[in-house]
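Below is one structure, written out as structure tokens, with a few remarks after it.
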Amino acid sequence: QVQLVESGGGLVQAGGSLRLSCAASGRTFSFYGMAWFRQAPGKEREFVAAINWSGSNTNYADSVKGRFTCSRDNAMNTVYLQMNSLKPEDTAVYYCAASKDGSGSSYASSYASWGQGTQVIVSS
């Protein structure tokens, strides 16, 4: 298992940008598929974005396509989520997750390792 620590959350106005980072421990990070999920108050956790082990393939929830970009730096054991054109409905706790399935699945059940989450608040 890898240990994951998210950072970069905060308060931003609608239309603004934030970049979330997720630092992973362990020597095998480069083999893991990685993903971002989010959970808003009173709602279930939902998929946001995923990236495969090499970074060559990404997929996104329809609600964030064209606004969010997921990337990774395997040399730094870090995955990123660049969030642009933020909307109030993006307000949530954002979680980073790692899966030994390196494909970058959009299913939460594929992920065994989770970070503690970072809060993102978008004001209108």
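The values are calculated or read from the model by the stated rules, or taken from the named source; none is laboratory data. Note that the structure is predicted; figures quoted are calculated from it, not measured. Methodologically, a virtual Cβ is constructed for each residue, glycine included, from the backbone with ideal geometry; neighbour enumeration extends over all protein chains shown. Accessible surface is based on the protein model in full, side chains and every heavy atom, while ligands, DNA and RNA are left aside. Shrake-Rupley method; radii C 1.70, N 1.55, O 1.52, S 1.80 Å.
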Residues of segment 1-29 classified as of a type in the set (S, T, N, Q) and open to solvent by less than 40 Å² (accessible area, probe 1.4 Å), total: 1
Under 6 Å by Cβ, and 6 or more places apart or on different chains, what pairs join a residue from segment 7-36 that is in contact (Cβ under 8 Å) with a residue 60 or more places away in the chain with one that is open to solvent by less than 20 Å² (accessible area, probe 1.4 Å) and part of a helix (DSSP H, G or I)? none
Could you list, in sequence order, the residues of segment 96-110 that are more than 15 Å from residue 28 (Cα to Cα), open to solvent by 10 Å² or more (accessible area, probe 1.4 Å) and in contact (Cβ under 8 Å) with a residue 60 or more places away in the chain? 105, 106, 107, 108, 110
Per-region count, segment 50-82, residues over 13 Å from the mean Cα position of the chain (by Cα) and in a strand (DSSP E or B): 1
